[in-house]
1. Only counting other Cβ atoms within 10 Å, I'd like 93, 14, 100 sorted with the fewest neighbours first.
2. Relative to the present Cα-Cα distance, how much length would full extension add between residue 51 and residue 28 at 0.36 nm per residue of separation?
3. Label points 7 Å out from Cα along the Cβ direction at residue 108 and residue 181: separation in nm?
4. Given [x] 52, 35, 30; [y] 59, 32, 26; [z] 97, 35, 34, which label gives Cα extents along the principal axes in Å as computed from the coordinates?
5. Report the relative contact order of segment 30-92, percent, no decimals, based on alpha-carbon pairs under 8 angstrom and at least 6 residues apart.
6. What value, in deg cm²/dmol to 500, does the helix sum -39500 (n - 2.57) over DSSP H runs of n ≥ 4 give at 222 nm once divided by the residues of the chain?
7. Can you give the FRET efficiency to the nearest 0.05 for residue 147 and residue 19, using r as the Cβ-Cβ distance and R₀ = 30 Å?
8. Using alpha carbon centroids, what distance separates segment 1-76 and segment 114-177, in Å?
């Protein structure tokens with residue numbers, strides 16, 4: 001952030017703010033992440049710089065807001081990011097919209113959640129985007145849990161653990177266990 005602020009353009013500063021916001025989101029530091037992402041949004045709005053990252057800023061900020069309990073704004077941003085996704089890369093972050101729908105919407109948005117998961121799954125399958133797939137499968141496991149489908153949830157969580165193991169990714173077991181709980 002310091003280097004971006006001192007030597008970077010507005011575009012680089014937006015990227016740095018987004019990266020810090022995303023890192024905070026991964027650490028479940030919702031308020032901190034929201035602050036970085038709100039600053040990125042303001043910079044984009046004020047200068048137009050970094051507008052190509054708006055979908056990512058919206059999706060991650062929606063997740064922060066969901067974690068903070070801000071239901072309506074979270075859903076609005078998640079839906080907007082999904083609608084604005086114009087290519088496979090931006091559509092791939094549909095797992096974030098699915099997570100928001102599951103966290104905030106729960107049982108009241110099951111059909112929308114299922115549609116978001118299906119749309120994102122198709123993109124990930126077609127592109128061979130294995131890196132995003134476990135994140136989406138976690139949300140599909142959460143959907144199965146909401147629907148009372150214990151076998152579907154167990155199947156998806158087993159696949160998630162297998163994919164993470166193949167990639168050498170650690171640290172997701174707590175999140176997977178939270179879906180099982």
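1. Details: 93 22, 14 27, 100 30.
Taking fewest neighbouring Cβ atoms as first place, the list is 93, 14, 100.
2. Working: separation 23, 0.36 × 23 = 8.28 nm, distance 2.49 nm.
My answer for the length gained is 5.8 nm.
3. About 2.3 nm separates the two model spin labels.
4. Here the calculated entry is [x].
5. Values: 58 pairs, mean separation 20.4, N = 63.
Dividing the mean separation by the residue count of segment 30-92 yields 32 percent.
6. Working: 11 runs with 139 residues, N = 181.
My calculation for the chain gives -24000 deg cm²/dmol from helical runs alone.
7. Numbers: r = 35 Å, r/R0 = 1.18.
After rounding, the FRET efficiency stands at 0.25.
8. Between the Cα centre of segment 1-76 and that of segment 114-177, the gap is 25 Å.
None of the figures in this text is laboratory data; all of them are computed from the coordinates on show. Small disclaimer: the values here were computed from a predicted structure and weren't measured. All Cβ positions, even for glycine, are placed from backbone atoms using ideal geometry, and neighbour counts span all protein chains on display.
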